[in-house]
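First up is the structure itself, then whatever we jot down about it.
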Amino acid sequence: MRPRAIFFDMDDTILSFDHGLDLDACWMAACVTHLAGMEAGMIEQAVMTIKRQAKEYWSDAERHRTGRLDLPKARKEIIEAALHELKYPNLKCAARIATDYGAARDLLVTLFPGAVETIQQIKTMGIPVALITNGASLPQREKINKFALGSLFEHIFIEEEFGIGKPEPAIYQHVMDLLGTAPEETWMVGDNYEWEVAAPQKLGMKGIWVDHKGVHGTQTLPVPPYRSIRALPELLPLF
């Protein structure tokens, strides 16, 4: 059934952050700059330790909720934990590493090919589209402005501004109420299985999982997505 409204995620759905970007190089550059006296082999170990600490940090739902609202602070804590594990004597450099890494990573962010054009084409069909993105207001607004995404959407909801974010049921329900659509008429599109499939489908919405790596075909999921796609242009044949 053709939807009466579509809600889109932004990070790693419209904008590419972790797919095809050399984030290891960002970590290496920041660590080389600020880990004075550390040999090259130890720098590589430091990067691996930071990445492992980051994976553990973000795997906890509550830490993820609070950490994404202050990424510099979260990254600093992750790096401090890694340096403490490595017995590096100067934890004060963690904030500088976090700042340099964040700046380098932000420079690599780009639009997924065809993402904007797909949303524009959906709008020509008369289907309202809204953006629902988790995170802090300032960095999310900066990305929206940098890539001129504001004019694409009837409504934009940022977690810090609205007060809650995905996967809280109230955020999906609020946007549906605003657009006057029922759950079964509404699609939620994004790369995060829990936020864009499992949570909205509990409300009766249709979750479209942007499964960039194609892992859905190898997994048994507790809540199967309404549809699974590899990139946003694959939405158009679903109508």
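The values are calculated or read from the model by the stated rules, or taken from the named source; none is laboratory data. Fair warning: this is a prediction, and the values are worked out from it, not measured in the lab. Every residue, glycine as well, gets a Cβ built from its backbone with ideal geometry; the counts of neighbours run over all protein chains shown. Ligands, DNA and RNA are stripped out before the accessible areas are found, and what is left, the full protein with its side chains, is counted by its heavy atoms. Shrake-Rupley method; radii C 1.70, N 1.55, O 1.52, S 1.80 Å.
Would you confirm whether or not the range 18-40 contains a residue that is within 30 Å of residue 171 (Cβ to Cβ), surrounded by 18 or more Cβ atoms within 10 Å (Cβ to Cβ) and within 15 Å of the chain's Cα centre (by Cα)?
no
Could you tell me which of the residues 195, 187 is of a type in the set (Phe, Trp, Tyr) and either at pLDDT below 95 or open to solvent by 40 Å² or more (accessible area, probe 1.4 Å) (or both)?
195
Do the conditions hold for residue 94, that is, is it part of a helix (DSSP H, G or I), crowded, with 16+ Cβ neighbours inside 10 Å and free of Cβ contacts under 8 Å to residues at least 60 places away in the same chain?
yes
Test residue 181 against the stated conditions and say whether it is more than 30 Å from residue 29 (Cα to Cα), open to solvent by less than 30 Å² (accessible area, probe 1.4 Å) and part of a loop (DSSP other than H, G, I, E, B).
yes
Starting from residues that are in a helix (DSSP H, G or I) and hydrophobic (A, V, I, L, M, F, W, C), keep the ones in the range 79-91 and report whichever is farthest from residue 55 (Cα to Cα).
83
Which residues, taken from the range 13-25, are of a type outside the set (Ser, Thr, Tyr) and at pLDDT below 95?
Selection gives 17, 18, 19, 20, 21, 22, 23, 24, 25.
Just to verify a result, which residue in the range 198-214, among those that are more than 17 Å from residue 4 (Cα to Cα) and modelled with pLDDT of 95 or more, is surrounded by the most Cβ atoms within 10 Å (Cβ to Cβ)?
210
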